[in-house]
1. Which of I251, I181 has the fewest other C-beta atoms within 10 Å, and how do the rest follow up to the most?
2. Ignoring everything except DSSP H segments at least 4 long, calculate the 222 nm mean residue ellipticity for the chain; use -39,500 (n - 2.57) per segment, divide by total residues, nearest 500.
3. Most exposed first by the Cβ proxy, i.e. fewest other Cβ within 10 Å, how do K199, K46, K279 rank?
4. Nearest 20 debye, what's the magnitude of the dipole of segment 286-361 about its Cα centre given +1 on Lys and Arg Cβ and -1 on Asp and Glu Cβ?
5. Per-residue HN-Hα couplings for segment 174-179, Karplus 6.51 cos²θ - 1.76 cosθ + 1.60 at θ = phi - 60°, whole Hz, x for Gly and Pro?
6. Restricting to bridges with both residues inside the chain, how much of the DSSP beta-bridge set is antiparallel, in percent to the nearest 5?
7. Which of S128, G340, I326 sits farthest toward the positive end of the charge dipole of the chain, with +1 on the Cβ of Lys and Arg and -1 on the Cβ of Asp and Glu?
8. Rounded, prolate or oblate: pick one for the chain, where a ≥ b ≥ c are the square roots of the eigenvalues of its C-alpha gyration tensor, a/c under 1.5 means rounded, and failing that, prolate if a/b is larger than b/c, else oblate.
Amino acid sequence: MSNAMYIHVPFCDSICAYCDFERCKKHPLLTSRWLDVIIKDIQDRKNEPIQTLYIGGGTPTSLSYDELEILLSACDCFKPVEYTIEANIENLTKDKIMLLKEHGVNRISLGVQSLNDHLIQIIERHHSASDIFSKIDEIHACGIENISVDMIYGLPTQSLDIWLADLKQIASNKKISHVSIYSLTIEENSAFGRKKIEKVSDELDEKMYFEGIRVLESFGFEQYEISNFCRYGRYSRHNSAYWKYDDFIGIGAGAYGKEEHIYYHWPFRLNDYIKGTLKREETKLTKADEMFEMIMMGLRMKQGVSLERFNLVFHEDLRKVFHEAIEKHVRSNHLEIMNGHLRCTCEGWAILNSILIDFME
């Protein structure tokens, strides 16, 4: 049985210029039919011992108050320790925040991306920088005090100074307990991809990342994963389940999951999903697949991969299975074994993809 559940809400009021996620513009009739199906799917898993529940998208808060109430009511059968929902500034109204609080949501992940009004326009968001902090105040005042924000670096025309100024504003706000930073990826089917927008140089991208770490840590944020920082010990329990390579349930068209040695994806075909004819795509994971993937995910975390847990899951000694790769990168000061964990050094995190190639071989 799985302790983590992800529910995918595919709807958005508008599509951001950088986005190529599995989503579409919201339509009331389509949403109503989708709700009927996803409620059934949720109820089919109502006996799962869920510890973390994450509603993502898309934009879950693009649902109307009544639609959101229907979805949240279906999830009342779970009593998660951590209950997260993704939200956008422009459609997270006060009455929706109070509704979330009423149904036990205790963590909100806000898609902020930038505090620069010019960049906010470029990425086709529909709020101002001042709206962001007003909304954070409102969320906190309504009693949801675990607030995470997503930020993107490497945006068109974004300078290092603009990026760091944004992070300083975010990090100095004591109501924000978690920050995720992501390098812009130009996806072929996004608006940026269609316009042939080019990324910033690799050199600037790397500098934005490492200087961003420096700024966040100077304000008391702890980096616990390559892209994620928290204070007050408020790391993402749900995402940590992915990085620790636990099983997780995926519900809804566009969702991914991993259960009983099978990795699966529900394709983003809403009509098939609504008709009840959507079949999930499955990949049967071999022992070798799972051992590598535990390494791949675990090395993203500052803590690293537990030698004890690896042995418990696979009945193998991690140090023997991957002896050559470990020895090579320990000698190069890219990896270290500390406190019963194999983990990256600071130098290693910067070249993690290269390190993983050796583990793959």
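Just so you know, all these numbers are worked out from the coordinates, no wet-lab data involved. Here the structure is a predicted model, which is why all the values come from computation and not from measurement. FYI the Cβ positions are ideal-geometry reconstructions off the backbone, even for glycines, and counts take in every protein chain you see.
1. In increasing order of surrounding Cβ atoms, one gets I251, I181.
2. Working: 16 runs with 148 residues, N = 361.
Calculated mean residue ellipticity at 222 nm is -11500 deg cm²/dmol.
3. Details: K199 15, K46 12, K279 9.
Ranked by crowding around the Cβ, least crowded first: K279, K46, K199.
4. On the way: 9 positive and 12 negative charges, 49 e Å.
In debye, rounded to 20, segment 286-361 gives about 240.
5. Calculated HN-Hα couplings, in order: 5, 7, 9, 10, 8, 9 Hz.
6. Values: 22 of 53 bridges.
Percent antiparallel among DSSP bridges in the chain is about 40.
7. Of S128, G340, I326, it is S128.
8. Numbers: a/c = 1.58, a/b = 1.16, b/c = 1.37.
Oblate shape, in that a/c is at least 1.5 and b/c is the bigger or equal ratio.
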